[in-house]
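Contents: one structure, followed by commentary.
The values are calculated or read from the model by the stated rules, or taken from the named source; none is laboratory data. Note that the coordinates shown come from a computational prediction; the quantities given were computed from them, not determined experimentally. Every residue, glycine as well, gets a Cβ built from its backbone with ideal geometry; the counts of neighbours run over all protein chains shown. Protein only, heavy atoms only, side chains kept; ligands, DNA and RNA dropped before computing areas. Shrake-Rupley method; radii C 1.70, N 1.55, O 1.52, S 1.80 Å.
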Amino acid sequence: MANVSFEEFYYNEDDQIHDLYEIQKEYEKNNGNISKYRGHIFCPECKIAELSFTHKTSIRRAFLSKIPSSDHAEYCSFKHDCATKSEIKQFVRLLSDKQIQDRLEAALNQLLPKKAKEGSGINNESKDNPLVIEVDNKKGSGVRKFIPRKSINTWFDKSEKNKIFIFYGHAKLETKEIATKNGKRYELIIKTNKQNEWIKKTSVFRGTTNDNIDTKKIYDIAILGIIEFYNDFPQIKTVTFSSIMFR
Ligand SMILES: [Zn+2]
């Protein structure tokens, strides 16, 4: 199985999900001493597989990976290999708009639970993990793989250009009108909270749809999409027109 890197982790000292960035900060502040995390960081989904931290260098970003002697829970999506872009597109093509919306909503329930205390773990009985899909292998039988996820609060790196993710997070939204020679088109602006300020993080092209948005409200958003960069600014292209949901 390919070694997956994690951008978030479960910290068993406070029972919360944290960003990888925190450990890198601690590493820099304490000259490489990250003992407060060692032995306390786990898979953000099942909270069972133990992770280890590899610090950033001039040529590589920091990352978290599973320690080889540890394993994910049976129901955890990370138990499987990561689905490729074409496998995900193929899978989505067979779904109705309603099925795509339902899956995004289930993904949000798992990734952004209502109560912070629940962490982002999923419950042990859940057999239908919304982040796991069944894809055909060459022998004609199904194999389970996971859809990679990306919090909209994390860094969007140029190396991720053209990659597919379920993007998720809390956001403030705004619509922007774009005048084109074929008439009005709309863009959905996504702002994330950075040090108590809502800052434009990315946007999604919405075609002729002018979403009905309350700009004061904080939304939960999930998008199955692909990262693109325009003039260095990251944009998300939805895989299908309906592969976006906010609530
Ligand atoms: Zn896991």
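A few comments on the model shown:
- Residue list for segment 124-164, filter: modelled with pLDDT under 85, open to solvent by less than 90 Å² (accessible area, probe 1.4 Å) and in contact with a helix residue (DSSP H, G or I) (Cβ under 9 Å, 6 or more places away or on another chain): 126
- Some residue of segment 4-17 being within 13 Å of the ligand (Cβ to nearest atom), in contact (Cβ under 8 Å) with a residue 24 or more places away in the chain, part of a loop (DSSP other than H, G, I, E, B) and buried (at least 18 other Cβ atoms within 10 Å of the Cβ): yes
- Scanning segment 154-192 for residues that are free of Cβ contacts under 8 Å to residues at least 24 places away in the same chain and of a type outside the set (Gly, Ala, Ser) gives 178, 180, 181, 182, 185, 187, 189, 191.
- Filtered residues of segment 68-93 (kept if open to solvent by less than 40 Å² (accessible area, probe 1.4 Å), part of a loop (DSSP other than H, G, I, E, B) and within 14 Å of the ligand (Cβ to nearest atom)): 70, 72, 73, 76, 80
- Count of segment 192-229 residues which are among the small types (Gly, Ala, Ser) and under 13 Å from residue 156 (Cβ atoms): 2
- Residue list for segment 45-67, filter: in contact with a helix residue (DSSP H, G or I) (Cβ under 9 Å, 6 or more places away or on another chain) and not in a loop (DSSP other than H, G, I, E, B): 53, 63, 64, 66
- The C-beta contact set for segment 49-64 (first residue open to solvent by less than 70 Å² (accessible area, probe 1.4 Å), second residue acidic (Asp, Glu), distance under 9 angstrom, 6+ apart or interchain) comprises 49/71; 55/28; 63/7; 64/7; 64/8.
Okay, residues lined up against (1) open to solvent by 90 Å² or more (accessible area, probe 1.4 Å); (2) within 24 Å of residue 8 (Cα to Cα); (3) among the acidic types (Asp, Glu); (4) assigned to a strand (DSSP E or B):
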| site | (1), (2), (3), (4) |
| --- | --- |
| 166 | no, yes, no, yes |
| 174 | no, no, yes, yes |
| 178 | no, no, no, yes |
| 205 | yes, no, no, yes |
| 221 | no, yes, no, yes |
| 229 | no, yes, no, yes |
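- Test for residue 96: is it of a type in the set (S, T, N, Q) and surrounded by 15 or more Cβ atoms within 10 Å (Cβ to Cβ): no
- Of all residues in segment 23-44, none satisfies the criterion of being within 16 Å of the ligand (Cβ to nearest atom) and assigned to a helix (DSSP H, G or I).
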